[in-house]
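Take a look at the following structure, please.
The values are calculated or read from the model by the stated rules, or taken from the named source; none is laboratory data. As the structure is a prediction and not an experimental result, all values here were calculated from the model. Here the Cβ is made from the backbone with ideal geometry for all residues, glycine too, and neighbour counts use every protein chain on show. We work out accessible area using only protein heavy atoms, side chains counted, and drop any ligands, DNA or RNA first. Shrake-Rupley method; radii C 1.70, N 1.55, O 1.52, S 1.80 Å.
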Amino acid sequence: MWKSPSSSSSSSSYPLNISFFIIHLFLLLLIINQHVVVVVVSSQPLYTNSRWIVNSKGQRVKLTCVNWVSHMDVMLAEGLNHQPIDAISKSILNMGFNCVRLTWPLYLFTNDSLGSITVRQSFKNLGLFSSILGLQANNPSIVDLSVLDAYKAVVASLAKNNVMIILDNHISKPGWCCSRFDGNGFFGDEYFDPHLWIQGLTKVATTFKATTNVVGMSLRNELRGPLQNVDDWYRYMQKGAEAVHAANSDVLIILSGLSFDKDLSFLQQRPVNLTFSGKLVFEIHRYSFTDGDTWSADNANQACGEVLNDMVSRGAFVLEQGYPLFVSEFGVDQRGTNVNDNRYFNCFLGLAAELDFDWALWTLVGSYYLRDGIVGLNEYYGILDWNWFNIRNSSFLQRISVIRTPFQGPGYAETHPHKVIFHPMTGLCVQRTSLLQPLELGPCSQAEAWSYAPAKTLIVLGTSFCLQADNKLGQPAKLRMICSDDSSKWDIISDSK
């Protein structure tokens, strides 16, 4: 942990104060790698180049996705009773995402009697008559399509609007996910026949082979439950990967881990053995509740160190092995009132900025047709509000904007890497206006470049100006040219480093 600044201003430029007292991690300044940004135009299909996802020109394409739920009981992408499909697709790009992780239940593609019922009938079967009226008003062209054709219509809308798509087999039997004993957790469970699953993967890969914006397939969400074991993971995940690649060699193959997709540690001893290369990606999930009430109950600095070490040792190590990491689910209560979420998220943003991995936020969904027996349930993790029209929390979009842009990788200038000082609570970085003015927080794209010298000083790159803290709590940080006294020395002392 650095001796750290805090900010209370809500304007676009934030005066920066630094104290000699160590404050909690959720006000932490992190130093992250920053490189000169080159605009890269995506061109499908996508490939892997060591730990990077790249396009056909060999330039990095960073997946910055949002999850759109389409695996629930109605078997229709959520929100279509509130807004037209194209309006939702356009809003995804307008909010700064370039990709959607679109979920699907296995039975939608493998059970003909289920997949062939109309959208209207699916809603009638669940007594969702008011939702039918909303669908007729906003998406009249899909109401009498089969639920399978309606899924295809959503994919087509995303593709037409130039959104990349990851097709995620979220569950077998349509419904909310996930618990250890829901029968959907692992190969051999009541609703998880591995042979039927491979048939479904093959059908989906074949169905969308001509849709170039379908850039990847996530083979199964959150493997879990009492039947899970490493040997069956290799046996069936490798078979599933080979089946998808045989049906559509263009898509990325994304493999999830065990224990609700938080554990890939077994890969450290035994690599995946496939007949193809240049297409394999691994995914993990992480929420604050993954670790119970650790964040609100424990010291936030210690919690961050413990959780980040766990994420690296059980998942993020694949980057060092030369595979891309896709954190395909993370998120927080957008109301900002959950202490556990708030502390976790500042720590998570620091790691996301430092490791520069690909990701998918949970979730786009503002409300559900039906979830847990509740009609129109409000989804407080949703980036959109209940009516799918307004952004639930615009400051949250600002905070994640810094991790949308790649910091490194093929196609990005790497000859002059430097550091920026990042403030996760705001999603902004440290800037200077002049030698005599206090430092401020502003867009990271305009941030100062810093170097951390052996003398433990933080110096503005290319200058003699160093960061100096006042001895009094609450006083603004300064830039000074005399950097030899203790007020200009900065130690990394946090558990998270």
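When the chain is fully extended, how far beyond the present Cα-Cα distance does residue 473 get from residue 118, taking 0.36 nm per residue of separation?
Gain on extension, residue 473 to residue 118, equals 121.3 nm.
Compute for region 231-348: radius of gyration divided by Kirkwood radius, i.e. Rg/Rh, restricted to C-alpha atoms, rounded to two decimals.
1.05
Hey, can you rank 79-88, 473-482, 162-171 by average C-beta count inside 10 Å, highest first?
Put in order of decreasing packing, that is 162-171, 79-88, 473-482.
Separate question: Roughly how compact is region 105-220, stated as its Cα Rg over 2.2 N^0.38 Å to two decimals?
On the way: Rg = 15.1 Å, N = 116, 2.2 N^0.38 = 13.4 Å.
Cα Rg divided by the expected 2.2 N^0.38 Å: 1.13.
Still on this structure, I have one more. Which angle between 0 and 90 degrees, to the nearest 10, do you get for helix 129-138 versus the longest principal axis of the chain when only C-alpha atoms count?
70
How high is the relative contact order of region 193-342, in percent, counting Cα pairs under 8 Å that sit 6 or more residues apart?
On the way: 182 pairs, mean separation 33.7, N = 150.
Here the relative contact order equals 22 percent.
Let me ask you something else. So how much slack lies between residue 492 and residue 297, counting 0.36 nm per residue of separation and subtracting their Cα-Cα distance, in nm?
Result for the pair: 67.8 nm of gain on full extension.
Just the number, please: carbon plus sulfur as a percent of the accessible area of region 384-497, 1.4 Å probe, no ligands or DNA/RNA counted.
Its accessible area is 54 percent carbon and sulfur atoms.
Scattering from the C-alpha atoms of region 288-438 alone, worked out with Debye: what is log10 I(q)/I(0) at q = 0.10 1/Å?
Taking Cα atoms of region 288-438 as identical point scatterers yields -0.44.
Just to confirm the number: angle between the C-alpha axis of helix 147-160 and the first principal axis of the chain, 0 to 90 degrees, nearest 10?
40
Only Cα pairs under 8 Å and at least 6 apart count here; give the relative contact order of the chain as a rounded whole percent.
Normalised by residue count, the contact order of the chain is 22 percent.
Still on this model: Rounded to two decimals, what is the ratio between the C-alpha radius of gyration of region 160-302 and 2.2 N^0.38 Å?
1.12
With a ≥ b ≥ c taken as the square roots of the eigenvalues of the C-alpha gyration tensor of region 80-122, please select rounded if a/c is under 1.5 and otherwise prolate if a/b is larger than b/c or oblate if it is not?
Because a/c hits 1.5 or more and a/b fails to exceed b/c, region 80-122 counts as oblate.
Right, something else. Taking only protein heavy atoms into account and a 1.4 Å probe, give the accessible area per residue of the chain in Å².
38
In deg cm²/dmol and to the nearest 500, what is the mean residue ellipticity at 222 nm of the chain if only DSSP H runs of at least 4 residues count, each as -39500 (n - 2.57), divided by the residue total?
-7500 deg cm²/dmol
Hey, can you rank 395-403, 187-195 by average C-beta count inside 10 Å, highest first?
Put in order of decreasing packing, that is 395-403, 187-195.
Further question: Send over the semi-axes of the chain's equivalent ellipsoid, whole angstrom and largest first, taken as the square roots of 5 times the C-alpha gyration tensor eigenvalues.
Values: eigenvalues 346, 120, 88 Å².
For the chain, the ellipsoid semi-axes come out as 42, 24, 21 Å.
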